[in-house]
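**Student:** Would you mind keeping the following structure in view while I ask a few things?
A short reminder: the numbers here are calculations on the coordinates, not readings from a lab. Because the structure is a prediction, the values reported are computed rather than measured. Reconstructed Cβ throughout: ideal geometry from the backbone, glycine too, with neighbour counts over all protein chains shown.
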Amino acid sequence: MPSSLCEALTNSSISFDYQKEDDWITSGKLGSREAVLVFRTNILNPKIRKTLSEKSSAQVLTESKDNEEEAVQCQEKQEQKESTSSEPSSKDSLSGSTQQKIFLLKKPQQCDKSDKLTFSSPFKKILNRYSSSDTSISSEGEEPASSSEKKSRVLKTSQNTINIELTADLSKESGYESIAPAKSLSNTVVSEEDQEVTSEDDDESGINMPASKLKITYKFHQTETKLLRKLFNVHGLTEVQGENNNFNLLWTGVHMKLDIVRNLAPYQRVNHFPRSYEMTRKDRLYKNIERMQHLRGMKHFDIVPQTFVLPIESRDLVVAHNKHRGPWIVKPAASSRGRGIFIVNSPDQIPQDEQAVVSKYIVDPLCIDGHKCDLRVYVLVTSFDPLIIYLYEEGIVRLATVKYDRHADNLWNPCMHLCNYSINKYHSDYIRSSDAQDEDVGHKWTLSALLRHLKLQSCDTRQLMLNIEDLIIKAVLACAQSIISACRMFVPNGNNCFELYGFDILIDNALKPWLLEINLSPSMGVDSPLDTKVKSCLMADLLTCVGIPAYSPEMRSHYDQKWSRFRSSSCQRQATFPSASQKTKKSKKKGPAINLNLTGEEQRILRNARLQYSRRGGFVRIFPTDDSMQRYGNFLDSANGIPISTPNVQSQTFQTPIIQHNYNQMIHQNLYSKDGRQKQEDNSEADRIWQYERALETDSEIPFVKKPTVEKCEVEGRRLRKVMLKKISNGSELTPFQARQTFSIYLESVLRRLTEDPKDNHEKIILKFLNKFGGSIKPPVMFRNMQTIKVASKARSAMVAKLLGDFLENYKRDTEAYVDSFDHFGMIPSSAYNQFLMHAQESDLEAVLTLHTNVTGIMPFLYNRCGLSVPPTPPIPSGLHGFLRALPSMVSSTGSNRELSKYDGYFKNFDKEKIFL
Ligand code: ADP
């Protein structure tokens, strides 16, 4: 062992007084290169955290010194072993006692039938179990008897028989924590899934956790996920911000800068691969798959609905339409959450200049109780070469709120044809399950609940899941080539990148899955206890599986120095690849699993794959499997194992001076060799199907707290309104920040009214305002003119509310750029104004905005004072909703704003057509 590493280990005076280190570190002893952090959902529960810290004060660990000595020995052994063995030791693996503490996954053959109704039923996915004592800590909270609870049974199917059986022995856990005091002024639902994971006053510092002692850090970039932040904090990770790139884990919501990727140290992890937009952009994904259809044959890659990219392929679309008539679904190329989507019967109904992706509309979707549904499944890729793909055992099924009807008259109705939560949540009939155990209730189910439901109807769920696995693998294969070449160019270390993709899949009524899109950074927002359960388990398992190295700062700087020496001697990652002579090195270690012909690099890859597999939690490895080479070998280059999607790739993209390797073949041979000397991996088809079908269960409740609502005092609001009106009359002005805050809280009230008590004329006003305002909030074509949808309906209200919600989300984000750091002369003092905002009702806000606009003649809530195209301020009528009525005329109808009349022709055609799909 190099002396500097010894020093690094000895200098890290780490002592744990919280829990046994073994509970939070796995795959190697602390100090070894392979030791990684363990993440578990149970400590999201404040009661469990409290119990743990109480326990720990009684059993303060004095083992730290011993640990370090052991670690030094372990590291020495490890370094010796690395060149000789590819097999993880039993100590390192979670298959030993540590694993049992962490992942109690009972295999089907280990359970007899009598188990089925008990807590450890094989149909339950019991994850991240801490210890048997956990179950004694039951919740004292009360389950609210909400009105939605009664409604929520409406969609329950015959499956409730089996569900009741399965949950019979479970102690009832509450779905809600008590509501925490409000900290924020904005309290309306505007984002995708926007509730808190737990109350903010919880102690969530994880101060005594190993990660805290090891000073493990994370960094968020252009993303904010409360659930993830919470998980990091309770596990003791610390956030770094700004330009500080001294992170262990970087979590970004966007594609990464290549500069950051290039400079990653071996212990650093990032949540994306370079060029993964090849998978996550709708147009790129389709083009990649289309190429495979041409190269490998349609029958192998018939996994996406036929798609055209407009305007370039407009003519091809018309030709395709003349062969097989529509309908077609039109989606903006780079959009998400159902924004801007509409369905047409014929291509001539699509505006000429529309830049969009147009797909064949699948008219016969699988319906649950008459409602169209689609799937969100979570796919983890930890490496592209070798290709390692996991599918999370649980997914989310999203149901449309309005019953499905193929009649063309209904094509406009997004709450019937689109399953996005972000659209359907505004429908007044939308039902959320209020209990994490209710997985087949309301408009969001779990994947396993759907499978059990289909099984009861004698559907072949085994084949369905195998087809879904096949679709995922083929989609990845179709896009992998260019990601692999980017990884070779830019990623310095094989373990630096991982990525969790959200696959959106539609199942048709013949049970064939269709890939709709792949989401970069799938939403980790939560809107219900069920969502919280699935996503918390998913994230905890993800972090454990990918493995965040448990290195102290001293160990990090040791590796940093080593790394910079390495980088200065060569910028090419290929330079580290083994030489052919290394292949002849023989292992001295006895045992069945040693492959004598592997290079050091191959041994490391194999060892990593095994260790990762042993930490997989609820992830099911779908590639490689025992038959993956048989099934997909033809799509891989025979020499280097790279998935080939261009005919002449061998001679071009991968012409590198390195020794030819075929990691896919190597991994497969070593994991699934039939010669009996190798350990067989236990992810057979039967194991995988069993895992998908059982319900996800945690051993302790994961708190879900509804976003707090502000208790407003009407009288106080009225009093403060008078004060504000007086100040404005006397010449005081709102700062731009105050004006924007007022406007957004005002619009939130309007939004609430639209969903609770829709008013036809208010919807029209809002739509007119949004249409004129333009920008990124672009209503689907049929909504650009309200007259076209004559019947007022809950679905139409939901659509307008969704548009307003999207507008508000952007507006609030922009408002964050405005700050009032001190009170300006002639402006209203911020403390007094915040008091007013705290208690103001819609009418109070309206009164202030109206007077301020009339007196000052400016509209700081919409325009900066110096803007060139600021329209004249319109006179605002007094009285209730006067401000709302004036709203559209506050926006100029020139410039970037859209022209309403342009599409009128389309609407007339659309209206006249009465075609059955
Ligand atoms: P977004 O990224 O905006 O959510 P999606 O591609 O996921 O766009 O589509 C949104 C919704 O539209 C899906 O939930 C699905 O129900 C429906 N959908 C999308 N494509 C099709 C299609 N080809 N056929 C039928 N329904 C579709």
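**Student:** Of K372/K802; K257/K512; K533/K802; K50/K226; K299/K403; K425/K812, which sit over 31 Å apart, Cα to Cα?
**Tutor:** Check vs 31 Å cut-off fails for K257/K512; K299/K403.
**Student:** When the chain is fully extended, how far beyond the present Cα-Cα distance does A817 get from M489, taking 0.36 nm per residue of separation?
**Tutor:** Fully extending the segment from A817 to M489 adds 114.4 nm.
**Student:** May I ask you to sort W24, W251 by Cβ crowding, counting other Cβ atoms within 10 Å and putting the fewest first?
**Tutor:** Starting with the residue having the fewest Cβ neighbours, the order is W251, W24.
**Student:** If each Cα of the range 306-361 is one equal point scatterer, what is log10 of I(q)/I(0) from the Debye formula at q = 0.17, 0.20, 0.21 Å⁻¹?
**Tutor:** These q points yield log10 I(q)/I(0) values of -0.44, -0.61, -0.68.
**Student:** Another question about this same structure. Each residue of the range 404-411 in order: what ³J(HN,Hα) in whole Hz does its phi give by Karplus 6.51 cos²θ - 1.76 cosθ + 1.60, θ = phi - 60°, with x for Gly and Pro?
**Tutor:** Each residue of the range 404-411 in turn: 6, 8, 6, 4, 4, 4, 9, 4 Hz.
**Student:** Treating only the Cβ of Lys, Arg, Asp and Glu as charged (+1, +1, -1, -1), what charge dipole size does the range 306-361 show about its Cα centre? Round to the nearest 20 debye.
**Tutor:** Dipole size: approximately 260 debye.
**Student:** Further, regarding this structure: Between rounded, prolate and oblate, where does the range 441-544 land on the alpha carbon gyration tensor, with a ≥ b ≥ c its root eigenvalues, rounded for a/c under 1.5, else prolate if a/b exceeds b/c?
**Tutor:** Since a/c reaches 1.5 but b/c is at least a/b, the shape of the range 441-544 is classed as oblate.
**Student:** Moving on to the next point. Let me test this: with uniform point scatterers at the alpha carbons of the range 499-545, what is the Debye-based log₁₀ I(q)/I(0) at q = 0.15, 0.19 1/Å?
**Tutor:** For the range 499-545, the Cα-only Debye profile gives -0.53, -0.76.
**Student:** Answer rounded, prolate or oblate for the range 247-392, using the Cα gyration tensor with square roots of eigenvalues a ≥ b ≥ c: rounded when a/c is under 1.5, else prolate when a/b is larger than b/c, else oblate.
**Tutor:** The shape class here is prolate.
**Student:** When the chain is fully extended, how far beyond the present Cα-Cα distance does L258 get from N730, taking 0.36 nm per residue of separation?
**Tutor:** 164.4 nm
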